[in-house]
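Just below is one structure, and these are the notes that go with it.
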Amino acid sequence: GLFGVPELSCPEGFQEAQDKALQESEQLVQKACSTPPGPETVMIFDQLSDGLCRVADLADFVKIAHPDFAFREAAEEACRNIGTMVEKLNTDVELCQSLRCLLADESVMSSLDPETRRVAELFMFDFEISGIHLDEEKRKKAVNLNVRILDLCNEFLTGAHLPNKIDKHVLPEPIRYNFTTEGNYLQVAGLHADCPDDLVREAAYKIFLYPNAEQLSRLEELLASRNSLAQLVGYDTFAHRALQGTMAKTPETVRQFLEKLSDRLSERTQKDFEMMTKMKMKLNPQNSKLMPWDHPYYSGVLRAERYNIDPGLYCPFFSLGACMEGLNSLFSRLLGISLYAEQTQRGEVWSEDVRKLAVVHETEGLLGYIYCDFFQRPDKPHQDCHFTVRGGRLRENGEYQLPVVVLMLSLPHSTRSAPTLLSPGMMENLFHEMGHAMHSMLGRTRYQHVTGTRCPTDFAEVPSILMEYFANDYRVVNQFARHYKTGQPLPKNMVSRLCESKKVCAAADMQLQVFYAALDQIYHGKHPLKKSTTEILKETQEKVYGLPYVPNT
């Protein structure tokens, strides 16, 4: 079965796993309600959370990544059902009362260790943001809103990846070959951001991002539902509710941070845009106005030209094997950890090119497992990400439940003549995602509710971004970057050129992220929104980003 879960040897097994988890959760709810206040209350809550998360987290991954539609569909259904159960439990008054009794009992609370106390408070926080204080009718409304929001999120994300079709005669003959043909139509499935032809990037941008009425109404309903939920449970806006458990804490802090950052960047961003415009003028004198589809391409051209860092020169030094060796030696020296390839059982993985790594500490032994789903395949989403499949925790019998995670990348397959070769960007992404995996392995807690990356969302990126710094340091890269044919190390001047090139257009790249963040804050701020989501996009893009909004996108 998938991940060694016996039920999941076929799609129907999701129903079985889900029913088992829901049954167990009912028994644990009864147990929690009848147990006198004490540390055991927190343990029961954590068991309850673990039983549901073990199915929901696994299904969350399978519904996105499994090549078999039947598995994806069954996982989607399990996600929905477990999600509904979680929302019901978060508004279960009797269950909440058992936790309240614990938190109100000062003598018991003072006898708890800090970790147990913190986890009890976090469970209480989940009840509060779900509207436990409301009357029964409003609690039901909160559950229904939550379930509707989950559905809208799924529909919106699916819609965002769908290609757009256009009559092929609309596009000039010489650029048609860049897109997939379907009869008289061309399919545009992405932005073609790296294509050297300005016209291809412009066409892809305008066609792929052409407004879709269904998507727009989903987005509007999603934002309105999130706002209704937030107000129902006592917050001014959804942003207030979403940020309460983070390091930033309030939308006000976020707004001030973004404004400060934007002010500090503005001069440098302008310089970056001027450099890109000059480059565009040089390569395309007829049309030198810088547009949103130009930014990713021309910043890359500037980097490559100024520092001579054609990815083709670097790839031969970054074979996947060399990069994994590099990570292994880095983890061994920093953390006393080694990665070992493990044989998988039949049906344990969803594609034969998935590899399983055991993470072993020099004194503490086995810490957990990382499944590496690294290679491109049809229908696989093009996003690099880290999934928790099972959180670590101390079980009732004193054994430690080992964490299990998946790292998903989209690397090219090896060929007859060469192993899988990574561009510098892919290598950095591999290090980033491995940072998340190590966070999951090393964040060993007694309770799975706070294990690994289950921490404030704005802290979750710290270990992974730290790993990017290692990926850009000569002392690290020098240890593993070897030419796959000759074994020759990557010359020092090539490493320093690569590191220096990161600074080219860094302000404009960061300004783009500030724009996304600012837009997110407005969408989830005060409702009803003053204008349509697209008008807000146009206004924010021109004010915060600086490159013109393109009509009908």
| query | What value, in deg cm²/dmol to 500, does the helix sum -39500 (n - 2.57) over DSSP H runs of n ≥ 4 give at 222 nm once divided by the residues of the chain? | reply | -18000 deg cm²/dmol
| So what's the gap between the Cα centers of region 419-454 and region 118-148, to the nearest angstrom? | 31
| message | Whole-Hz ³J(HN,Hα) for each residue in region 407-419, computed from phi via Karplus 6.51 cos²θ - 1.76 cosθ + 1.60 with θ = phi - 60°, x for glycine and proline: what do you get? | response | 10, 10, 10, 10, 8, x, 6, 5, 10, 4, 9, 8, x
| query | Cβ under 12 Å from Gly183's Cβ, Gly183 left aside: what net charge do those residues give with Lys, Arg +1 and Asp, Glu -1? | reply | 0
| query | Which sequence of Ile132, Ile522 reflects their accessible areas, 1.4 Å probe, from the largest down? | reply | Ile522, Ile132
| request: First measure r as the distance between the Cβ atoms of Asp113 and Leu466, then evaluate 1/(1 + (r/R0)^6) with R0 = 35 Å and state the FRET efficiency to the nearest 0.05. | output: 0.80
| query | Between Tyr516 and Thr253, what length in nm is gained on full extension when 0.36 nm per residue of separation is reduced by their alpha carbon distance? | reply | 93.0 nm
| said: Accessible area per residue for the chain in Å², computed with a 1.4 Å probe and the full protein assembly in place, what is it? | reply: 51
| message | Treating only the Cβ of Lys, Arg, Asp and Glu as charged (+1, +1, -1, -1), what charge dipole size does region 315-489 show about its Cα centre? Round to the nearest 20 debye. | response | 240
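At a Förster distance of 60 Å, what's the computed FRET efficiency of His133 paired with Tyr210, Cβ-Cβ distance as r, to 0.05?
On the way: r = 45 Å, r/R0 = 0.74.
Efficiency for this residue pair is about 0.85.
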| query | Can you pull the accessible area of Val170 for me, 1.4 Å probe, Å² to the nearest 10? | reply | 100
| request: Report, largest value first, the span of the C-alpha coordinates of region 2-133 along each principal axis, in whole Å. | output: 54, 29, 23
| For the Cα atoms of the chain, what angle does the longest principal axis make with the long axis of helix 198-208, in degrees from 0 to 90, nearest 10? | 30
| request: Could you tell me which of Phe208, Ser351, Leu223 has its Cα farthest along the dipole of the chain towards the positive end, charges placed at Cβ (Lys, Arg +1; Asp, Glu -1), taken about the Cα centre? | output: Phe208
| Rounded to a whole number of µm²/s, how large is the Stokes-Einstein D of the chain at 10 °C and 1.306 mPa s, given Rh as the Kirkwood radius over C-alpha pairs? | 61
| request: Quick one: order Lys271, Lys168, Lys530 from most to least accessible surface, probe 1.4 Å. | output: Lys530, Lys271, Lys168
| message | Counting only protein heavy atoms and a 1.4 Å probe, tell me what percentage of region 405-553's accessible area is made up of carbon and sulfur. | response | 57
| query | Between Gln345 and His382, what length comes free when the chain is fully extended (0.36 nm per residue of separation minus the Cα-Cα distance, one decimal in nm)? | reply | 10.6 nm
| message | Using 24 Å as the Cα-Cα cut-off, could you pick out the over-long pairs in Lys249/Lys538; Lys260/Lys531; Lys271/Lys502; Lys88/Lys380; Lys206/Lys538; Lys20/Lys138? | response | Lys249/Lys538; Lys260/Lys531; Lys88/Lys380; Lys20/Lys138
| field | Radius, Kirkwood style, for region 315-489 when every pair of distinct Cα atoms is counted (Å) | value | 16.9
| query | Sorting Thr457, Thr253 by accessible area (1.4 Å probe), largest first, what list results? | reply | Thr457, Thr253
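Could you calculate the FRET efficiency of Met291 with Gln244 from 1/(1 + (r/R0)^6), where r is the beta carbon distance between them and R0 is 56 Å, rounded to 0.05? Walk me through the intermediate numbers first.
Working: r = 39 Å, r/R0 = 0.69.
Computed FRET efficiency for Met291 and Gln244 comes out at 0.90.
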| said: What whole-number distance in Å separates the alpha-carbon centres of region 497-553 and region 18-80? | reply: 38
| request: Using only the alpha-carbon atoms of region 220-296, report the extent along each of the three principal axes, biggest first, to the nearest angstrom. | output: 57, 30, 14
| note | Computed ³J(HN,Hα) along region 50-60: with the Karplus parameters 6.51/-1.76/1.60, θ = phi - 60°, integer Hz and x for glycine or proline, the list is 5, x, 6, 5, 4, 7, 5, 5, 5, 5, 4
| task | Kindly express, to the nearest 10 degrees and within the range 0 to 90, the angle between helix 13-34's C-alpha long axis and the longest C-alpha principal axis of the chain. | result | 40
| For region 37-132, with the dipole built from +1 on Lys and Arg beta-carbon atoms and -1 on Asp and Glu ones, taken about the Cα centre, which of Ile64, Leu52, Leu95 lies farthest toward the positive end? | Ile64
| query | Non-local amide H neighbours of Leu366 (under 5 Å, H modeled in plane, Pro and chain starts lacking H): which ones? | reply | His361
| Estimated dipole of the chain in Debye, rounded to 20 [Cβ of Lys and Arg +1, of Asp and Glu -1, Cα centre] | 1820
| remark: Here the gain from full extension of Thr533 to Glu220, 0.36 nm per residue of separation minus their alpha-carbon distance, amounts to 111.9 nm
| task | Could you list which residues have their amide H under 5 Å from that of Tyr371, counting only those 5 or more apart in sequence or on another chain, with H placed in the peptide plane? | result | Leu357, Val405, Val406, Leu407
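The values are calculated or read from the model by the stated rules, or taken from the named source; none is laboratory data. Values in this document were obtained by computation on a predicted structure and should not be read as measured data. Don't worry about glycine lacking a Cβ; one is built from the backbone with ideal geometry, like all the others, and counts go over all protein chains shown. Accessible surface is based on the protein model in full, side chains and every heavy atom, while ligands, DNA and RNA are left aside. Shrake-Rupley method; radii C 1.70, N 1.55, O 1.52, S 1.80 Å.
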